[in-house]
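Written out below as structure tokens is the structure these notes cover.
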Amino acid sequence: MTDRTPPTDAQLIELCSKLPSHDREGQIFWRLRLQMGQSHLRYLLANARLRTALVVGLSLFFWFGLFALFYKGFDFVIKYVESPGSRYHSDTMLFVFPLFFLSLQVMLIFSSGIILYGGLYPSRETAFLMTLPVRDERLVFYRFQESLVFSSWGFFLLASPMLLAYGLVAKAPWYYFAYLLPLMASFAYIPCTIGAICCLLLIYRLPNLRRIAVGVAALAIIVVAYQSIWNTLEFSETEFLGNSWFKDTLKRFRFARGEWLPSTWLSNALIEAVRRSPNNPRDLPWLEAGKYLVVLVSNALVLHLAFMWLGKRCYRVSYWELHSRRAKKPKLTLAWIDRVAAFLLRPFPVQTKLLIMKDLRLFRRDPVQWSQFLIFFGLLLLYFANVDRFRQHKSDINVLTWVNIVSFLNLAVVGLILSTFTTRFIYPLISLEGRRFWILSRLPVERDTILWGKFLFAACGSWLPCAALVGISDVMLDVSFMVVAVHQLICLLLCLGLAGMAVGFGAMMPNFREQSPSKIAAGFGGTLNLVLSALYIMAVVLMTALPCHFYLLAGKAEMPPKLLQPQYLRFWLMLGILASMILAAIVTILPLRGGLKAFRRLEV
């Protein structure tokens, strides 16, 4: 018969003394992560070789494409924009690097905090780990490592080709390339740690107001960005994209070069490292760059210690306060947005309308989703509302050429941002139904209706804001009616194709074991969907942008090739639109068809 008496204090002390030390505990978790990674890699090599090869190949194609784009861009800036007396091409980089890394710094803070929240508080695995004799700070750090990887991989994908291209174009010395990896790693660690600290403090102090806090932060970022864009786009009487324009714009972006910003430390380190050592023995560029690296590493370590201390003090208390709070009594009245959506969805069948309404309510009740949506599209709206200022100080032909290029670039940017949202939020929809899929399976609704409902929700929900943004851009640029019509048609095709791929691939490759949509989107299916979406956007935009551009220039500029004469350009424009429609139909129908077949056979 077992002894059920509670242990004494001496027994508790003896039991605690047998627990592994901090170093041993860290080794156990690293071994666990290593074994999980090895098993996952063996599974991919044994059962998913084609998928793995496809993802690796497409990722390399995307990386080298970015590298070529940045290489040509830096080569153009150094040859035609930089003044002859600029110091090792650093004038333009003082404008580009701080803004680029500052924007990524803000994104990393939000992304890390959101992903860490999903891994620490709603996760079943975390609830299981909390029953084990594991220190709180170790558990928090274990989850932080995942959020660090998932939130910063995009930063490395974008920054590495850009910095390598800049080093090659500027003919940087060897120590510039040696500094790249430690500089990027230490920089990424700082905003990710700040986001994790904000996440812990927010749940610890404001567990019931976390949605309001996220919304207020999103609105604050939009207001600050609006003021910055408004002040920046006030051009003086200087040539646009010229040396004087860069100097004036550089003065207006002084806030991005504050000495207390990690983005400034990284920018200064890169600019110093690209310089070659002069004859002055006291001027050592490699040493100056190394000083900034030391600043980045030391701040990253200090933030790491603060984060671990907060994890030890706050995590368990915040976890139980969040899960033990009293649930609010739900309101039985429909919100105004639900009434508007119900009115707009009246043409659809009742079952489809109810499924779309369900997804819409889940979207608007999740601040993680609508806050990111609000930030990205709010910034685009501010940019498009002021884009007409780019028309100043140009001749007629230059204005027409520049406006056409900018209008189609705006369309491509809207499509690329939409592809990230469909991959992040639409692709995981089927996988997130895993816990309640048994409810959907027993409803008097066919499975095809469920999938079509998610497709219509994604296509219609994305088309309205995208069409509005593209329309505002066209109105501010004062393009012709034909260009407006082409842009709206392409916008519709993009929304249909991206929604079809996200819903179709999500049904063909669901992951019901994972609860975090970020991790689902970062898997094989999400990566494949993101890469194919980017290729689809580039193909559709190019097939219509080139013939439309030459068609508008017909009769106003010299057109040497015979096939670019005015009598042929209308044919090329119609052919490009028809090819775009055919490609959109293929991209929409084929993934949805495969998703429907897989969804019918799905068993949970």
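Some points to look at:
- Nitroxide proxy distance, nm - points 7 Å out along Cα→Cβ at residue 62 and residue 34: 3.0 nm
- Shown here: the stretch 99-216, whose C-alpha atoms stretch 54, 36, 17 Å along the first, second and third principal axes, sorted largest to smallest.
- Cα convex hull of the stretch 155-208 - mean projected area over all directions, nm²: 4.5 nm²
- Gain in span if fully extended, residue 50 to residue 600, counting 0.36 nm per residue against the direct Cα distance: 195.6 nm
- The calculated FRET efficiency for the pair residue 158 and residue 346, based on their C-beta separation and a Förster distance of 41 Å, comes to about 0.45.
- Solvent-accessible area of residue 464, all protein chains in place: 100 Å² (probe radius 1.4 Å, heavy atoms, ligands and nucleic acids excluded).
- Measuring with a 1.4 angstrom probe and ignoring ligands and nucleic acids, residue 22 comes out at about 90 Å² accessible.
- Among the listed pairs 353/597; 171/291; 358/597; 454/597, those beyond 19 Å (Cα-Cα): 353/597; 171/291; 358/597
- Percent breakdown of C-alpha pair distances by 10 Å bin, ordered from the shortest bin, for the stretch 463-507: 28, 44, 20, 8, 0
- Shown are 174, 63, 153, whose ranking by accessible area with a 1.4 Å probe and every protein chain present, most to least, is 174, 153, 63.
- Using the Karplus relation 6.51 cos²θ - 1.76 cosθ + 1.60 with θ = phi - 60°, the per-residue 3J(HN,Hα) values for the stretch 464-469 come to 4, x, 5, 5, 5, 5 Hz, with x marking Gly and Pro.
- Counted by Cβ distance under 15 Å from residue 309, the other residues give a net charge of +3, where Lys and Arg count +1 and Asp and Glu count -1.
- Note on the stretch 429-501: Cα convex hull, mean projected area over all directions, 5.8 nm².
- Heavy-atom accessible area ranking, 1.4 Å probe, most first, across 184, 508, 538: 538, 508, 184
- Remark: the stretch 303-314, residue by residue, has Karplus-estimated 3J(HN,Hα) of 5, 5, 5, 5, 5, 5, 5, 5, x, 6, 8, 10 Hz, where x stands for each Gly or Pro and the curve is 6.51 cos²θ - 1.76 cosθ + 1.60 at θ = phi - 60°.
- FRET efficiency for residue 206 and residue 405, using Cβ-Cβ distance with R0 set to 60 Å, rounded to 0.05: 0.85
- In the context of the full protein assembly, residue 597 retains an accessible surface of approximately 100 Å², using a probe radius of 1.4 Å and ignoring ligands and nucleic acids.
- Residues residue 546 and residue 125, FRET efficiency given R0 of 51 Å [Cβ-Cβ distance, rounded to 0.05]: 0.55
- Accessible area in the full protein assembly, largest first, 1.4 Å probe, for 293, 163, 19: 19, 293, 163
- Vicinal HN-Hα couplings computed from phi for the stretch 181-197 (Karplus, 6.51 cos²θ - 1.76 cosθ + 1.60; Hz; Gly/Pro x): 5, x, 5, 5, 5, 5, 5, 5, 5, 5, x, 5, 5, 4, x, 5, 5
The values are calculated or read from the model by the stated rules, or taken from the named source; none is laboratory data. This one's a predicted model, so the numbers in the text were calculated from it and none came from an experiment. No Cβ is skipped: glycine too gets one built from the backbone with ideal geometry, and neighbour counts run over all protein chains shown. Keep in mind that these areas ignore ligands, DNA and RNA; they rest on the heavy atoms of the full protein, side chains included. Shrake-Rupley method; radii C 1.70, N 1.55, O 1.52, S 1.80 Å.
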